[in-house]
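This report refers to the structure that appears directly beneath it.
The values are calculated or read from the model by the stated rules, or taken from the named source; none is laboratory data. Note that this is a predicted model, so its numbers are computed, not measured. Neighbour counts are summed over all protein chains in view; Cβ atoms, including those assigned to glycine, are modelled from backbone coordinates with ideal geometry.
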Amino acid sequence: MTYAKPDVPQVAWADTSIVVDFLQQTWAVARIELIKMFRDPTELLSRAVQPILWLVIFGQVFSRVRGIPTGNLSYLAFMTPGILAQSVLFVAIFYGISIIWERDLGIVHKMLVSPAQRASFVYGKAASAGFRAMVQTCIIYTVASALRIELRWNLFAILGVLLAAVLGAAVFATFSFIIACLVKSRERFMGIGQLMTMPLFFASNAIYPLILMPNWLKYVATMNPLTYLVDALRGLMIQNGQSLHTMPVDFAVIAGTFVLLGLIAAKLFPTLVQ
């Protein structure tokens, strides 16, 4: 007598296989992006100049201004996590232009006819943006140490900063992909990207506390994911740094925003070639 095999283990194995395939496809896309970055690190190095200028020049000057309430922190220490968040934003927000460039070269068409899941392309590129953010984090730590800013050097804090930077880069990279899929033009994308970076940066708590903002701007800042990224970085990175929200709230908002934007970007990705 023969017995039919139960279906439940087969479904479980199938689900596991789907997840493994998705992770492998995501890593393959991220690996390609990392190879391109290592072969030509010029862009990565050039983007390190701006945060250095902000800390060395802007931070040193505004440290002498006593009208900005930063609690028991110096202004330079207060703004350091904000400059790291700015670096993460600037590294990731123009990431979508590479998608348009690849569309023009025909690479996106080849991706879409491959058996890989569409979401793996989005999350793979977001992962590579996260790696760039980790490099920026190392640069900011080096500059901050040279400026004698009191940083938290315990392992938990450093890992938390790296995780926050990676998630923040993934958020703005997927947001950039959505813009790229909607505008479908490098010229229009550059205009919209430049239009979005300054409001995102200044409508946050990166370089001044929220209490200085008018009420309407406070509401805007609470809807800005950069605010929660800065809040998490400030609590983790700086000695005596305080977060307005708890760490679970900050990370939940950042991670939730990434998942939502990632799903939207994966849905819109095929429309890039239409």
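General observations
- Qualifying residue in the range 17-29 (condition: over 30 Å from L244 (Cα atoms), part of a helix (DSSP H, G or I) and in contact with a Gly (Cβ under 6 Å, 6 or more places away or on another chain)): yes
- Residue count for the range 58-87, restricted to those that are among the hydrophobic types (A, V, I, L, M, F, W, C), modelled with pLDDT of 75 or more and under 17 Å from Q242 (Cβ atoms): 7
- Being at pLDDT 90 or above and either among the hydrophobic types (A, V, I, L, M, F, W, C) or crowded, with 18+ Cβ neighbours inside 10 Å (or both) holds for only one residue in A180, A206, A266, A165, and it is A165.
- Filter result for R132 (of a type in the set (D, E, K, R) and touching a residue at least 12 places away in the same chain (Cβ under 8 Å)): yes
- Meets criteria (more than 13 Å from the chain's Cα centre (by Cα), more than 24 Å from A30 (Cα to Cα), at pLDDT below 90 and exposed (fewer than 15 other Cβ atoms within 10 Å of the Cβ)) for M213: no
- Pairs are defined by a Cβ separation below 8 Å, a sequence spacing of at least 6 or placement on different chains, a first member in the range 212-241 that is without any contact (Cβ under 8 Å) to a residue 12 or more places away in the chain, and a second member that is buried (at least 17 other Cβ atoms within 10 Å of the Cβ) and not β-branched (V, I, T); the pairs so defined are M213/A221.
- First in the range 21-41 and hydrophobic (A, V, I, L, M, F, W, C), second anywhere and in a helix (DSSP H, G or I) and surrounded by fewer than 15 Cβ atoms within 10 Å (Cβ to Cβ), Cβ under 8 Å, 6 or more apart: M37/E43
- Identification of helices (runs of 4 or more DSSP H) wholly contained in the range 57-126 with 3 or more residues that are crowded, with 20+ Cβ neighbours inside 10 Å and in contact with a strand residue (DSSP E or B) (Cβ under 8 Å, 6 or more places away or on another chain) yields 75-93.
- If the condition is being crowded, with 20+ Cβ neighbours inside 10 Å and either over 25 Å from S145 (Cα atoms) or in contact with a Ser or Thr (Cβ under 7 Å, 6 or more places away or on another chain) (or both), then the range 238-252 contributes I238, D250.
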